[in-house]
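As structure tokens, the structure follows; a few thoughts come after it.
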Amino acid sequence: MNGSKLTAAKYLGHKRLVQSGVLLLVGLIYVVGCYLLKFDTIQGALSIPKAFSWLAINFMPTHESMSYLPQILNKLFETVLMAIASVVVAAVIAIFFAILGSKVTGINKFMQILVRGIASFFRNIPLVAWAMILLFSFKQSNFTGFLALLLMTIGFLIRAFMEIIEDEAGEAMLALKATGASYFQVIFQAVIPQIIPSLISWILYMIENNVRDATLVGILTGTGIGFIFDLYYKSFRFDAAGITVLSIIVVVIILETLSNQIRKVIL
Amino acid sequence: MLEVKHLAKSYQKDKPALTDINFKIDPGNFVAIIGPSGAGKTTILRSLNQLIKDDAGEILLDGEDIRSANKSELRKLRRQIGMIFQNYNLVERLTVLENVLHGRLGYKSTLAGVMGRYTEDEKREALDLLDKVGLSEFALQRCSELSGGQKQRVGIARALIQHPKVILCDEPIASLDLASSQVVMKMLKDLIQELNIICIANLHQIDLAKEHADQIIGIRHGKMVFNDVADKLDQAAITELYGTAVEEKEPA
């Protein structure tokens with residue numbers, strides 16, 4: 001008893017020593033880094049409020065910038081539609097692959113590995129890279145943006161749907177299999193009805209996510225709200241760029257509220 | 001009649017989960033399989049409808065060996081074997097009626113089953129069965145709204161609409177309170193006598209097994225150590241089956 005108490009005290013003392021050591025080391029790296037880069041910490045800290053007040057003054061929408069609003073809303077609508085379209089198409093494709101590849105509904109080991117491979121390939125190439133690659137083949141068009149969003153969303157949704165199937169559908173599936181139901185009957189009568197709430201929840205999340213991402217893709221592919229923002233920004237119409245950002249935020253918040261409401265109803 | 005001969009199964013090499021299981025059950029009999037956790041009760045039950053592929057032996061349902069059945073034969077045999085689960089295994093999002101009708105899927109063409117098209121007769125029978133298990137007023141409610149005992153009764157109705165020769169119950173009352181357990185056990189017992197079918201239930205509760213079962217099979221370490229009428233299960237047999245406290249501490 002006494003012995004273990006002693007070692008506990010020793011262990012805690014040792015841990016404290018290591019923690020102070022790490023803290024000291026991080027501090028040292030910072031100081032040396034500042035010296036090497038000739039970075040003045042105080043000056044840097046002081047410039048933050050200045051930067052924000054510059055932002056506030058320049059990006060603050062004025063009365064005149066309201067005239068841009070119809071054009072902005074038009075493009076924003078286009079972007080939201082693109083996000084929804086990409087998610088809906090991706091969801092249809094993803095559910096098909098997820099059923100083929102999940103551990104409980106998958107047809108064989110080879111398919112499971114293949115589907116997992118496809119999903120992680122699509123998912124792990126960054127969206128920006130997808131957009132740049134696709135630009136070569138599809139030029140600056142809405143379709144390029146749609147495709148980039150679609151491919152990444154497929155990767156995410158396959159993975160998410162597979163996990164949903166494995167977590168939620170196993171038990172009901174077993175029961176239907178035991179009644180003598182065939183594979184397709186089990187899929188349509190047990191698996192799909194059982195997972196629909198989680199499926200919809202993920203689809204809604206991806207729509208929110210893709211509205212944000214579509215903005216970024218739009219900058220690259222020259223379409224939608226991203227293009228408008230880029231245009232205003234690069235032509236120094238900061239007030240218009242400001243109102244663009246503001247409308248994106250408002251739309252994303254509206255979408256989020258809406259999908260939370262839908263979730264509450266279906267779950 | 002259900003006959004099991006020399007059934008064996010091992011999940012890992014040299015570690016048999018079941019060795020040489022033999023029993024025979026006549027229609028109208030309620031059989032309880034009891035034994036410690038991990039003894040192999042679930043493996044036996046799931047081998048009977050081949051949800052688990054066993055390694056060797058014979059499983060004869062009215063003379064037909066389910067083990068050598070091909071895919072379509074297996075489907076036909078499975079629809080004669082209803083199954084009830086500890087966690088009910090219902091499709092919670094669907095209505096009570098739809099879950100009962102799932103028991104007919106084995107009899108339907110793939111397309112009709114996929115679309116969920118059932119005949120008027122099937123629907124009427126489903127409603128009659130729900131009446132029988134006392135759930136007729138819940139027919140159009142979602143299963144997720146029911147209590148545990150009610151869910152299990154939906155499970156019973158789903159098994160019965162299969163017109164089964166055998167009903168397998170995998171720990172049917174392990175998730176239920178005492179009152180619901182009694183209701184479910186009594187219901188099962190009455191139904192199998194009325195319909196003259198076989199019921200095999202894995203149970204943890206020895207007292208309930210003795211109270212309701214006609215025949216008891218005791219499993220320990222994958223071997224059958226007891227197989228007799230329920231009244232013959234005395235304290236000595238129970239001790240042999242579960243082992244004393246000292247024995248359980250020894251490595252298996």
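Within region B:182-200, the set of residues being more than 15 Å from the chain's Cα centre (by Cα), under 14 Å from B:HIS212 (Cβ atoms) and either of a type outside the set (D, E, K, R) or not in a helix (DSSP H, G or I) (or both) comprises B:GLN182, B:VAL183, B:GLN193.
Table: residues versus (1) of a type in the set (A, V, I, L, M, F, W, C); (2) surrounded by fewer than 20 Cβ atoms within 10 Å (Cβ to Cβ); (3) in contact (Cβ under 8 Å) with a residue 40 or more places away in the chain.
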{"position": "A:SER201", "(1), (2), (3)": "no, yes, yes"}
{"position": "A:VAL211", "(1), (2), (3)": "yes, no, yes"}
{"position": "A:GLY222", "(1), (2), (3)": "no, yes, yes"}
{"position": "A:LEU231", "(1), (2), (3)": "yes, yes, no"}
{"position": "A:SER235", "(1), (2), (3)": "no, yes, no"}
{"position": "A:GLY242", "(1), (2), (3)": "no, no, yes"}
{"position": "A:ILE249", "(1), (2), (3)": "yes, yes, no"}
{"position": "A:ASN260", "(1), (2), (3)": "no, yes, no"}
{"position": "A:LYS264", "(1), (2), (3)": "no, yes, no"}
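Is region B:90-103 home to any residue that is within 17 Å of the chain's Cα centre (by Cα) and among the polar types (S, T, N, Q)? Looking through region B:90-103, none of the residues is within 17 Å of the chain's Cα centre (by Cα) and among the polar types (S, T, N, Q). Restricting to region A:25-49, what's the tally of residues that are part of a helix (DSSP H, G or I), exposed (fewer than 10 other Cβ atoms within 10 Å of the Cβ) and of a type outside the set (Val, Ile, Thr)? Here the count works out to 6.
Residues in region A:159-213 that are within 14 Å of another protein chain (Cβ to nearest Cβ) and small (Gly, Ala, Ser): A:ALA169, A:GLY170, A:ALA172, A:ALA175, A:ALA178, A:GLY180, A:ALA181, A:SER182, A:ALA190, A:SER198, A:SER201. Going through (1) out of contact with any Phe, Trp or Tyr (no Cβ under 8 Å at 6 or more places or on another chain); (2) among the aliphatic types (A, V, I, L, M); (3) outside the structural domain of B:HIS102 (by TED's automatic domain parsing) one by one, B:ALA159 falls short only on (3). All conditions in (1) in a helix (DSSP H, G or I); (2) more than 13 Å from chain B (Cβ to nearest Cβ); (3) of a type outside the set (Gly, Ala, Ser) hold for A:PHE236, with the sole exception of (1). The criterion of at least 3 residues that are of a type outside the set (A, V, I, L, M, F, W, C), surrounded by fewer than 20 Cβ atoms within 10 Å (Cβ to Cβ) and not assigned by TED's automatic domain parsing to the domain that holds B:GLN193 is met, among strands (runs of 3 or more DSSP E) falling completely within region B:1-91, by B:2-12, B:15-25. Hey, could you check region B:193-209 for residues that are in contact (Cβ under 8 Å) with a residue 24 or more places away in the chain and surrounded by fewer than 21 Cβ atoms within 10 Å (Cβ to Cβ) and say which is nearest to B:PRO27 (Cα to Cα)? Selected residue: B:ASN196. In region B:126-149, is there at least one residue being surrounded by fewer than 17 Cβ atoms within 10 Å (Cβ to Cβ), of a type outside the set (A, V, I, L, M, F, W, C) and within 8 Å of chain A (Cβ to nearest Cβ)? Within region B:126-149, not a single residue is surrounded by fewer than 17 Cβ atoms within 10 Å (Cβ to Cβ), of a type outside the set (A, V, I, L, M, F, W, C) and within 8 Å of chain A (Cβ to nearest Cβ). Determine if region B:241-248 includes at least one residue that is surrounded by fewer than 17 Cβ atoms within 10 Å (Cβ to Cβ), among the small types (Gly, Ala, Ser) and assigned by TED's automatic domain parsing to the domain that holds B:LEU176. Within region B:241-248, one or more residues are surrounded by fewer than 17 Cβ atoms within 10 Å (Cβ to Cβ), among the small types (Gly, Ala, Ser) and assigned by TED's automatic domain parsing to the domain that holds B:LEU176.
Restricting B:GLY103, B:GLY113 to those that are at the interface with chain A (Cβ under 10 Å from one of its Cβ atoms) and without any contact (Cβ under 8 Å) to a residue 24 or more places away in the chain reduces the list to B:GLY113.
The residues of region B:92-109 that are closer than 30 Å to A:ILE200 by Cα and part of a helix (DSSP H, G or I), listed by number, are B:VAL96, B:LEU97, B:GLU98, B:ASN99, B:VAL100, B:LEU101, B:HIS102, B:GLY103, B:ARG104, B:LEU105, B:GLY106. Only helices (runs of 4 or more DSSP H) whose full extent lies in region B:110-167 are considered here, and the ones with at least 2 residues that are touching a strand residue (DSSP E or B) at 6+ places or on another chain (Cβ under 8 Å) are B:148-160. Residues that are within 30 Å of B:GLY82 (Cβ to Cβ) and touching a residue at least 12 places away in the same chain (Cβ under 8 Å) number at least 3 in the following helices (runs of 4 or more DSSP H) confined to region A:118-196: A:142-168, A:170-178.
The lone criterion from (1) more than 8 Å from chain A (Cβ to nearest Cβ); (2) closer than 15 Å to A:TYR183 by Cα; (3) within 19 Å of the chain's Cα centre (by Cα) left unmet by B:ARG78 is number (1). Annotation: of all residues in region A:143-168 being buried (at least 23 other Cβ atoms within 10 Å of the Cβ) and of a type in the set (Gly, Ala, Ser), the one that is nearest to the chain's Cα centre (by Cα) is A:ALA148.
The values are calculated or read from the model by the stated rules, or taken from the named source; none is laboratory data. If you're wondering where the values come from, they're calculated on a predicted model, not measured in any experiment. All Cβ positions, even for glycine, are placed from backbone atoms using ideal geometry, and neighbour counts span all protein chains on display.
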